[in-house]
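What follows is a short report on a single structure.
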Amino acid sequence: MKSRRLNQIPVFRCGSHVAFMLALLAVTGAHAQESLSIEDAVARALQNNLGIRMAQQQAEISEVGNTWGAAGALPQIGLSASAADAVSDQSENPTSFIQERLESQSVNTGAQLSWVLFDGMGMFANKRALEQLERQSEGQSTLVIEQTISATLQAYNGVLVQRALSDVLTSAIEVSRERLDWMDARTQTGAASTFDRLQFENALLSDSLSLLQQRANEYQAVLGLNRLMGEDADHAWEFISPLTPPSVGRDFNQLVERAMGNATAIENALISKELAEIGVQQAQARLSPSLLLTANQGDQQSRFNAGELSADGRTKSLAANLTLNFNLFNGGASRRAIQQAKIQRAMAENQAEDERREVDRLLHDAWSRWTTFRGAYAISERLTENSRRAIQIAEERLASGAINSLDFRETQTQLLNAEQQQLQSLNAWQSADIELRRLSGEWAMDLKEE
């Protein structure tokens with residue numbers, strides 16, 4: 001399906017005194033068109049989608065936070081330094097033991113170490129929780145990517161379908177115009193009635209009005225695709241991917257098996273379940289004693305001046321402590337935290353099972369639509385072929401006078417309806433096929449391989 005700038009319908013005669021000129025809505029901007037395949041559209045959407053960027057940034061935050069230091073397993077070391085300078089003039093103080101000007105300077109440096117050596121394995125549970133949070137963020141990013149791919153594929157196919165519907169109406173207008181010109185010639189010679197001519201004119205006007213409305217639908221479809229790709233609303237494209245039916249070689253049992261093992265929604269639910277299990281371990285760790293190592297080192301250098309008397313001094317200190325803490329009773333807070341964590345674990349298990357059931361239900365629904373619209377497309381395709389043959393026969397019979405303008409219009413309308421039904425069935429079939437691919441985790445597998 002090629003993109004084209006919509007031209008004005010040529011002037012056609014509707015009697016001796018009236019002429020009509022129908023200007024159709026343009027779906028492209030004023031600048032040159034670019035080629036756009038369906039793969040390019042998906043790539044642009046993935047690159048420019050702000051939701052994906054924010055999800056990836058959140059995943060980066062989780063990755064940065066996944067460290068042993070954040071889990072509380074590494075020591076904390078601090079350094080400190082201070083300086084002091086004091087002057088006390090006692091030279092005019094008769095009550096002072098030393099009646100001199102007293103000066104002192106000191107510099108203090110120190111280092112502090114604090115390290116939790118054991119906390120009931122809580123630090124290891126914290127590290128596993130951070131790892132799961134990183135996986136969860138990546139899963140959310142994958143989910144947004146899948147949704148973007150699905151929406152872009154459907155939007156691109158939607159544009160192709162809308163343009164094909166416009167082409168169907170354009171073809172109908174060409175047929176009506178040719179029949180009207182033919183009828184004009186017959187009317188002038190008295191071989192046809194004004195009634196028949198008016199029927200063809202009305203058919204042309206009706207199809208032209210439908211085409212105007214269809215151009216608006218086509219324009220809206222392009223706008224929606226540009227929004228998904230993050231492009232300007234009036235960006236013009238030459239759509240080079242063909243409008244083709246989905247592959248028919250799909251096995252539902254394989255789709256279900258693949259979905260249960262790779263569907264992003266299920267994987268995210270399982271990660272939440274693992275996080276809840278780790279939450280129980282973290283709560284249980286509070287019942288265990290904790291062993292804390294603290295160490296301090298100090299170095300103080302000082303100088304003292306009192307008149308002609310002066311002296312230097314230095315003091316070093318080193319201390320280390322091992323502290324064992326065991327919470328015997330805290331009002332039952334630890335027990336309550338464990339109970340709450342176990343309830344949350346049970347909820348996460350139920351949520352994971354519910355997610356499995358939901359994916360299975362959605363798969364069955366998508367498969368039902370896939371098979372239904374596959375059959376509908378096959379029937380409508382045959383119906384379109386028959387209608388095209390019928391319109392050829394109708395043209396011959398109209399020329400011979402075997403049928404009138406009303407009979408011909410009815411046959412033409414049947415062809416229009418058949419072609420529109422075929423395109424609508426194809427669009428619905430494509431939509432169900434895209435949904436099957438998303439639910440089965442097809443794109444998630446590709447992302448993992450990358």
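The values are calculated or read from the model by the stated rules, or taken from the named source; none is laboratory data. From a predicted model like this one, the values you see are computed outputs, not experimental measurements. FYI the Cβ positions are ideal-geometry reconstructions off the backbone, even for glycines, and counts take in every protein chain you see.
Among the criteria (1) in contact (Cβ under 8 Å) with a residue 24 or more places away in the chain; (2) more than 24 Å from Asn417 (Cα to Cα); (3) of a type in the set (S, T, N, Q), the one Ser176 does not fulfil is (2).
Filtered by the rule that a residue be of a type in the set (D, E, K, R) and in contact with a Phe, Trp or Tyr (Cβ under 9 Å, 6 or more places away or on another chain), the range 104-131 gives a lone residue, Lys127. Only one of these is free of Cβ contacts under 8 Å to residues at least 60 places away in the same chain, surrounded by fewer than 21 Cβ atoms within 10 Å (Cβ to Cβ) and farther than 30 Å from Ser440 by Cα: Thr109, Thr170. Name it. The match here is Thr170. Among Glu355, Glu435, Glu442, Glu349, which is the only one that is crowded, with 16+ Cβ neighbours inside 10 Å, in the same structural domain as Thr152 (by TED's automatic domain parsing), within 23 Å of the chain's Cα centre (by Cα) and within 30 Å of Gln284 (Cα to Cα)? Result: Glu355 is the single residue among Glu355, Glu435, Glu442, Glu349 that is crowded, with 16+ Cβ neighbours inside 10 Å, in the same structural domain as Thr152 (by TED's automatic domain parsing), within 23 Å of the chain's Cα centre (by Cα) and within 30 Å of Gln284 (Cα to Cα).
On the basis of being among the hydrophobic types (A, V, I, L, M, F, W, C) and more than 30 Å from Asn404 (Cβ to Cβ), does Val175 make the cut? It would help to see each step written out before you state the result.
Values: among the hydrophobic types (A, V, I, L, M, F, W, C): yes; more than 30 Å from Asn404 (Cβ to Cβ): no.
No: the conditions fail for Val175.
Do we find that Arg369 is under 28 Å from the mean Cα position of the chain (by Cα), assigned to a helix (DSSP H, G or I) and either within 26 Å of Ala265 (Cα to Cα) or charged (D, E, K, R) (or both) in this structure?
When the stated conditions are applied, Arg369 passes them.
Considering (1) buried (at least 18 other Cβ atoms within 10 Å of the Cβ); (2) not assigned by TED's automatic domain parsing to the domain that holds Ile240, the lone condition that Arg101 does not fulfil carries the number (1). Those residues that are more than 29 Å from Gln351 (Cα to Cα) and of a type in the set (Ser, Thr, Tyr), I need them from the range 230-289; list them, please. Once the filter is applied, which keeps residues that are more than 29 Å from Gln351 (Cα to Cα) and of a type in the set (Ser, Thr, Tyr), the range 230-289 yields Ser241, Thr244, Ser247, Ser288. In this structure, does Glu138 turn out to be assigned by TED's automatic domain parsing to the domain that holds Asp299 and in contact (Cβ under 8 Å) with a residue 40 or more places away in the chain? No: the conditions fail for Glu138.
Would you call Leu275 among the hydrophobic types (A, V, I, L, M, F, W, C) and either free of Cβ contacts under 8 Å to residues at least 24 places away in the same chain or surrounded by 15 or more Cβ atoms within 10 Å (Cβ to Cβ) (or both)? Show your work before the answer.
Working: among the hydrophobic types (A, V, I, L, M, F, W, C): yes; either free of Cβ contacts under 8 Å to residues at least 24 places away in the same chain or surrounded by 15 or more Cβ atoms within 10 Å (Cβ to Cβ) (or both): yes.
For Leu275, the condition - among the hydrophobic types (A, V, I, L, M, F, W, C) and either free of Cβ contacts under 8 Å to residues at least 24 places away in the same chain or surrounded by 15 or more Cβ atoms within 10 Å (Cβ to Cβ) (or both) - is met.
Scanning the range 320-332 for residues that are surrounded by 10 or more Cβ atoms within 10 Å (Cβ to Cβ), hydrophobic (A, V, I, L, M, F, W, C) and closer than 16 Å to Asp119 by Cβ returns Leu322, Leu324. Mind checking whether some residue in the range 222-229 is farther than 28 Å from Asp433 by Cα and buried (at least 21 other Cβ atoms within 10 Å of the Cβ)? No - not one qualifying residue is present in the range 222-229. Criterion first (buried (at least 16 other Cβ atoms within 10 Å of the Cβ), assigned by TED's automatic domain parsing to the domain that holds Gly441 and modelled with pLDDT of 90 or more) does Ala55 satisfy it? So Ala55 does not fit the description; no.
If you go through the range 230-244 and keep only what is of a type in the set (A, V, I, L, M) and closer than 24 Å to Trp429 by Cβ, you end up with Ile240, Leu243. The test for being surrounded by 13 or more Cβ atoms within 10 Å (Cβ to Cβ) and of a type in the set (Asp, Glu) holds for Glu395.
When Arg357 is tested against the conditions (1) farther than 14 Å from Ala259 by Cα; (2) part of a helix (DSSP H, G or I), the lone failure is (1).
Against the list (1) among the β-branched types (Val, Ile, Thr); (2) more than 26 Å from Asp119 (Cβ to Cβ); (3) surrounded by 15 or more Cβ atoms within 10 Å (Cβ to Cβ), the condition Ile338 fails is (2).
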